[in-house]
Amino acid sequence: MKRIFLIITFLVAAISSFASDIFSPPSVPTLVADNAQVFTDNQRMALANKLSALSRETTTQILVYTTTDLQDYTIADFGQRLGEGWGVGQNGFDNGIVIVYKPKTDSTSGEVTIQTGYGIEPLIPDATCMRIIEREMIPNFRQGLVYEGIVDAVDACASLVQGEFSADNYSGTGEDEDVSVGSIIFFIVCFFLGYVLYAAYGQFTVGRRPSFFSYLWFVLSLIGHSSGGGSSGSSRGFGGYGGGHFGGGGASGRW
Amino acid sequence: MKKGLLIAGIVVFVLVIVGWYIRTGNKIVRLDEGVAEKWAQVENVYQRRADLIPNLVATVKGYAEHESSTLTDVIEARSKATSVTVDPDKLNSSSLRQFEEAQGNLSSALSRLMVVIERYPDLKANQNFSELQAQLEGTENRIAVERRNFNDAAREYNTYIRQFPASIVASSRGFEKKAYFEAQAGSEKAPEVKF
């Protein structure tokens, strides 16, 4: 019996680890994911620095992702899912760009896509993405100059979004839960329900009903405790993704 | 004293129920709005495709005069597709099927046009045409994405309103189940537009 339980646990763990796949963000956020190992260490670092700087200065995030396996997705679909899943760009601005590169092999052609977040679509329309791919990327890729092609495309994208977004006018507002009548009533109800319990408890232990003010004091001290823990974000070069959204805009090419 | 506590208890109980009813109702409204919003996006991207077609037809016409019947098919399918709209409050399976049928006819008319275009290398080399091609490709991707987003939102809404006890609130306030896009073979993934 115990063994069956273990096997089931193992299977569930295996399935869930399979399901939380490439489209969920990596534990260490990065803007250069070179899974196909097409860059040298220096190139990867230079590119990562360039993209982190762009993200810091303009909040626009460009993710460069290389892979040899698109897992049966079309490259455009793969790029969209990646951008949406990792949340490239800022929530609200949706100013993320994803570049996916699949190297050419003997049996398959090379493929590349530029996927634009919703906020980038008006600045870099599909036709412009196509031109960047045809002029900056594919000619370089044909000569084996992967890094040069990617950097040229990144520069082209960066100059097109220049000055559009900035940290100053970014508020980072997501979906704020507005305080509705229902939740206020709910809070009041909980408050008085708590008082009834508190009073009953006091009567049971001490033998007399505690005052309303001692209850108020008790609740306030609880709130004080729970809000004590602050958040401490760790920054490793690049601060992290902002939760941008992607709608499938962009272009793809092959060679 | 005891009596006071009892009355307080009853009042609290009633307030809890009322509070829960309001909260649940509000959550359903929020989910319902989410579905309507996603539906608007779906119609948006289909409209975007429809908007590209006059330009596409004009460009193709200049190079492929003999293909007027294929072009006419596209134009007719386009006007039918744009005439079918669905009110997000009435997203039932029959209205959605009608919408899909009209858009599907346009998709197949377009893909027939693309096959024909293969015979015209001059057209394929045209800069204006290749830009239209990129836009059409991007739009097909957008359609796939927005259909998927709509299905996700509709699924979340449906799951919520059919679960007990939220189902009580949903039925008392007349919220109904929304229809999904059916995943036809390969439609979960964006179709490849090849020229």
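The values are calculated or read from the model by the stated rules, or taken from the named source; none is laboratory data. Please read all numbers here as calculations on a predicted model, not as lab measurements. All Cβ positions, even for glycine, are placed from backbone atoms using ideal geometry, and neighbour counts span all protein chains on display. For accessibility, only protein heavy atoms count, side chains too; no ligands or nucleic acids. Shrake-Rupley method; radii C 1.70, N 1.55, O 1.52, S 1.80 Å.
Tell me, yes or no, whether the stretch B:88-106 has at least one residue that is basic (K, R) and surrounded by fewer than 17 Cβ atoms within 10 Å (Cβ to Cβ).
Step one: filter the stretch B:88-106 for residues basic (K, R), giving B:90, B:97.
So of that shortlist, the ones also surrounded by fewer than 17 Cβ atoms within 10 Å (Cβ to Cβ) come out as B:90, B:97.
Yes, the stretch B:88-106 has at least one match.
The criterion of being within 14 Å of chain B (Cβ to nearest Cβ), of a type in the set (D, E, K, R) and more than 15 Å from A:D34 (Cα to Cα) holds for A:D126.
I'd like to know if the stretch A:101-117 contains one or more residues that are over 15 Å from the mean Cα position of the chain (by Cα), open to solvent by 10 Å² or more (accessible area, probe 1.4 Å), modelled with pLDDT under 95 and within 11 Å of chain B (Cβ to nearest Cβ). No: the stretch A:101-117 contains no residue that is over 15 Å from the mean Cα position of the chain (by Cα), open to solvent by 10 Å² or more (accessible area, probe 1.4 Å), modelled with pLDDT under 95 and within 11 Å of chain B (Cβ to nearest Cβ). As a summary of the residue check, B:Q135 satisfies the conditions (1) more than 8 Å from chain A (Cβ to nearest Cβ); (2) under 23 Å from the mean Cα position of the chain (by Cα); (3) not hydroxyl-bearing (S, T, Y) except for the one numbered (1). Each residue in the stretch B:141-151 was checked for being more than 8 Å from chain A (Cβ to nearest Cβ) and in contact (Cβ under 8 Å) with a residue 40 or more places away in the chain, and 4 of them qualify.
For the stretch A:108-136, the set of residues classified as part of a helix (DSSP H, G or I) and closer than 18 Å to A:G249 by Cα consists of A:D126, A:A127, A:T128, A:C129, A:M130, A:R131, A:I132, A:I133, A:E134, listed by residue number.
Here's the yes/no breakdown for (1) outside any helix (DSSP H, G or I); (2) modelled with pLDDT of 90 or more:
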{"residue": "B:I10", "(1), (2)": "no, yes"}
{"residue": "B:W20", "(1), (2)": "no, yes"}
{"residue": "B:V29", "(1), (2)": "no, yes"}
{"residue": "B:E37", "(1), (2)": "no, yes"}
{"residue": "B:G62", "(1), (2)": "no, no"}
{"residue": "B:V86", "(1), (2)": "yes, no"}
{"residue": "B:S94", "(1), (2)": "no, no"}
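Of the residues making up the stretch B:64-81, not one is buried (at least 20 other Cβ atoms within 10 Å of the Cβ) and outside any helix (DSSP H, G or I). Of the residues that make up the stretch B:109-131, is at least one crowded, with 20+ Cβ neighbours inside 10 Å, farther than 30 Å from A:G85 by Cα and of a type in the set (F, W, Y)? There is at least one residue in the stretch B:109-131 that is crowded, with 20+ Cβ neighbours inside 10 Å, farther than 30 Å from A:G85 by Cα and of a type in the set (F, W, Y).
Does A:E164 fit the bill of being more than 22 Å from the chain's Cα centre (by Cα) and modelled with pLDDT under 95? The answer is no for A:E164. Being in contact (Cβ under 8 Å) with a residue 60 or more places away in the chain, within 12 Å of chain A (Cβ to nearest Cβ) and aromatic (F, W, Y) is a property that B:Y46 lacks.
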